[in-house]
Amino acid sequence: MYLFLVPFVFGFACNVASAFTTTFSHWWGERSGSLVTVVLRDILGIPIWAIGIFLAVHAPSPVLFVSTVVTDVVGWLIIAAGGVTILLALITIRRRAAMPSMHDTLVQTGLYAYVRHPIHSGTFLEFMGLVFLMPLQTVAIACALGGVWVLVQTRCEEIDLLQRMPAYRGYMNSVPCFLPRFFSLPTAMTYSCSS
């Protein structure tokens, strides 16, 4: 039943490791450092944890609640919102998403004018919507672990971005992490992904 955790955790570990472009570039040169990031994130990380999600959806598992038309519609709307958020963010940062480098410049346009990590915000939504569509224990566990992974990934990426782009510190101080200011919860209830 929990076999899905193997590719899931391995894929997330590769993704987290991919956040250290600066370190890889210092060790093996800028071109090789970027290539290592690409392999860890795009070839190993994302495809392997996606296999974990697939296995979680198809594993025999207790049902958490009865799925209805309402939960299905809510699930699809949340997934669509997450997908649109991710797509708009990828269009804005283009190549930087797939192949970060030491020469990247800070992007503060599009969704990045409102939140520092719109791709991660969209990923949170995708995980949440999946639980509404597939209310299985295995899916809920996978999505909860996915939420924790997004927080860890964000922190690691911010450490790297601060090293690659000195202007990032000012950006961190003026732009929230996941939710635009008009959606922000009281300060005590929000996750701070700043250093």
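Exactly one residue out of 151, 106, 136, 90 is among the hydrophobic types (A, V, I, L, M, F, W, C) and in contact with a strand residue (DSSP E or B) (Cβ under 7 Å, 6 or more places away or on another chain): that is 136. Taking each residue of the range 163-174 that is touching a residue at least 40 places away in the same chain (Cβ under 8 Å) and looking for partners that are of a type in the set (Gly, Ala, Ser) with beta-carbon atoms closer than 6 Å, six or more apart or interchain, yields 172/194. Residues that are assigned to a helix (DSSP H, G or I), within 30 Å of residue 71 (Cα to Cα) and not β-branched (Val, Ile, Thr) within the range 113-129 comprise 118, 120, 121, 122, 124, 125, 126, 127, 128, 129, listed in sequence order. Across the range 62-110, the qualifying residues are those that are among the polar types (S, T, N, Q) and in contact (Cβ under 8 Å) with a residue 12 or more places away in the chain, and the one among them that is nearest to residue 157 (Cα to Cα) is 101.
For the range 1-112, the helices (runs of 4 or more DSSP H) that sit wholly inside it and include 1 or more residues that are of a type outside the set (A, V, I, L, M, F, W, C) and surrounded by fewer than 18 Cβ atoms within 10 Å (Cβ to Cβ) are 21-28, 30-38, 46-58, 69-93, 95-98. Yes or no: the range 131-138 includes at least one residue that is buried (at least 22 other Cβ atoms within 10 Å of the Cβ) and within 15 Å of the chain's Cα centre (by Cα). Within the range 131-138, not a single residue is buried (at least 22 other Cβ atoms within 10 Å of the Cβ) and within 15 Å of the chain's Cα centre (by Cα). Please go through the range 160-195 and give me each residue that is closer than 14 Å to residue 124 by Cβ, surrounded by 11 or more Cβ atoms within 10 Å (Cβ to Cβ) and modelled with pLDDT under 90, ordered by number. Result: 183, 190, 191, 193. Of the residues contained in the range 140-158, one or more are found to be at pLDDT 95 or above, more than 21 Å from residue 17 (Cα to Cα) and in contact with a helix residue (DSSP H, G or I) (Cβ under 8 Å, 6 or more places away or on another chain).
The values are calculated or read from the model by the stated rules, or taken from the named source; none is laboratory data. Predicted model, so just to flag it, every value in this text is computed and none were measured. Heads up, the Cβs are rebuilt from the backbone with ideal geometry, glycines too, and the neighbour counts pull from every protein chain shown.
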